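Colleague: After the C-alpha cells below, expect a handful of questions from me.
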Amino acid sequence: MKVWIDRDKCDSNLSACLSCFGQLVRTGVPDRGCIMDHEDDESEDMIVYMHSDGEDREPIFIPKEDRELVSYEGWDKFVSFEPRFRKNEGTDRLKK
C-alpha cells in the first residue's frame with residue numbers, strides 16, 4: 001500500500017498524529033483526514049509519502065514484518081527529521 005499524507009492539513013499535536021497513524025498502519029484503512037491519496041499496490045509493505053511542516057519528506061518504508069512495531073512506536077522514530085510536537089497551539093486566543 002502507498003499512502004500520501006499531508007500532516008499540515010491537521011491541527012492535532014504529534015501525540016494524536018502518532019496514535020491516528022498507528023491505527024492506519026494496523027488496520028490498513030486509509031480513512032484519515034490527512035490522507036490525500038492512497039494506492040493499493042497489492043503489497044503487504046507500506047510506503048508513506050509525507051508532507052509535514054511545509055516540506056515534502058523522504059518516504060517512510062514500513063515492511064510487513066515491522067508494521068506492528070511502527071504502529072505502536074510511532075512513525076517519528078523512523079524518520080530523519082524532527083516533527084513539531086505542537087501545531088497552532090493558542091492561535092485561537094490571538095484572534096480578536
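Since every read-out is calculated from the coordinates, none of them should be taken as a lab result. The structure displayed is predicted, hence computed values, not measured ones. Glycine also receives a Cβ, built like all others from the backbone with ideal geometry; neighbour counts cover every protein chain displayed.
Colleague: Would you check if residue 41 is assigned to a strand (DSSP E or B), touching a residue at least 12 places away in the same chain (Cβ under 8 Å) and loosely packed, with under 13 Cβ neighbours inside 10 Å?
Modeller: no
Colleague: Kindly indicate the residue of the stretch 44-75 that is among the charged types (D, E, K, R) and in a strand (DSSP E or B) and also farthest from residue 2 (Cα to Cα) among those meeting that condition.
Modeller: This residue is 55.
Colleague: Another question about this same structure. I'm checking my understanding of the structure. Among residues of the stretch 3-23 that are under 12 Å from the mean Cα position of the chain (by Cα) and outside any helix (DSSP H, G or I), which one is nearest to residue 63 (Cα to Cα)?
Modeller: 3
Colleague: Ok, one more. Check the stretch 24-38 and report whether any residue there is surrounded by 12 or more Cβ atoms within 10 Å (Cβ to Cβ), under 17 Å from residue 77 (Cβ atoms) and under 11 Å from the mean Cα position of the chain (by Cα).
Modeller: Checking the stretch 24-38: at least one residue is surrounded by 12 or more Cβ atoms within 10 Å (Cβ to Cβ), under 17 Å from residue 77 (Cβ atoms) and under 11 Å from the mean Cα position of the chain (by Cα).
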